[in-house]
Amino acid sequence: MEALTLPGARLALYAGNLTWHGMAVYHFAFNPQRIIKSYTRGVRVPSKLNDLHFDITRYLGAMNAAAVMCALLRIIALVKAIRRYGARSRRSQKKADEDSNLSSEAKAKEVVRATVDKELDKLALATLFIANGSQFLCNMTFARASGRWIVGHGLDGITVFDTTFTVLNGLTLLARLRGF
């Protein structure tokens with residue numbers, strides 16, 4: 001589980017989340033007609049209802065912007081940390097800390113910084129886990145049962161990526177909660 005919490009792995013996970021939710025913002029908020037057409041199964045509704053569907057789809061796109069910002073802020077923090085310390089494992093970081101000539105005050109600041117980073121990771125990972133997990137749950141229950149949507153029935157992009165990021169965000173969050 002430690003491998004999931006290494007800076008490079010977290011950077012890749014956050015970049016994946018940023019891309020996935022960024023695509024959702026773009027497609028849902030700015031091209032809802034195409035999404036509705038692509039992901040529904042021959043549903044014919046009056047045009048007034050279509051407008052309502054498009055409005056709701058735009059809201060879904062806009063809500064994904066929060067996940068984009070969450071991932072982006074963690075990427076920025078990780079890139080700064082990697083530039084400052086390099087991408088080291090916990091063991092090599094501990095060895096470097098023991099070998100360094102930092103004052104006790106500087107070491108205390110580094111401990112606080114590392115603790116804050118872990119707590120921010122937990123918050124970001126929980127947020128992204130809920131964002132993807134709630135969509136995964138809707139795909140596998142309501143959308144699948146209705147028969148109106150293709151999500152939840154196979155390897156469509158939405159089902160695959162919601163599932164993938166639910167699992168990866170959840171496992172990385174679990175690793176962080178277990179102290180890695």
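Specify the residue that is farthest from Gly147 (Cα to Cα); the eligible residues are those in the range 12-26 that are surrounded by 18 or more Cβ atoms within 10 Å (Cβ to Cβ) and not aromatic (Phe, Trp, Tyr). If we take residues in the range 12-26 being surrounded by 18 or more Cβ atoms within 10 Å (Cβ to Cβ) and not aromatic (Phe, Trp, Tyr), then Leu13 is farthest from Gly147 (Cα to Cα). Residues in the range 118-128 that are over 11 Å from Leu177 (Cβ atoms) and surrounded by 16 or more Cβ atoms within 10 Å (Cβ to Cβ): how many? Residues that pass the stated criteria total 3.
So, in the range 163-180, of the ones that are surrounded by 15 or more Cβ atoms within 10 Å (Cβ to Cβ) and closer than 14 Å to Leu6 by Cα, which residue ends up modelled with the lowest pLDDT? Give the derivation first.
Of the residues in the range 163-180, the ones surrounded by 15 or more Cβ atoms within 10 Å (Cβ to Cβ) are 163, 165-166, 168-173, 175-176, 180.
With the extra rule that they be closer than 14 Å to Leu6 by Cα, the set shrinks to 168-169, 171-173, 175-176, 180.
Details: Leu168: 98, Asn169: 98, Leu171: 98, Thr172: 98, Leu173: 97, Ala175: 96, Arg176: 96, Phe180: 92.
Applying the filter and picking the extreme gives Phe180.
Residues of the range 8-35 that are at pLDDT below 90 and out of contact with any Phe, Trp or Tyr (no Cβ under 7 Å at 6 or more places or on another chain): Asn31, Arg34. Filtered by the rule that a residue be among the polar types (S, T, N, Q) and more than 11 Å from the chain's Cα centre (by Cα), the range 109-139 gives Thr115, Ser134, Gln135, Asn139.
The values are calculated or read from the model by the stated rules, or taken from the named source; none is laboratory data. Please read these numbers as outputs of a predicted model, since none were measured by experiment. Reconstructed Cβ throughout: ideal geometry from the backbone, glycine too, with neighbour counts over all protein chains shown.
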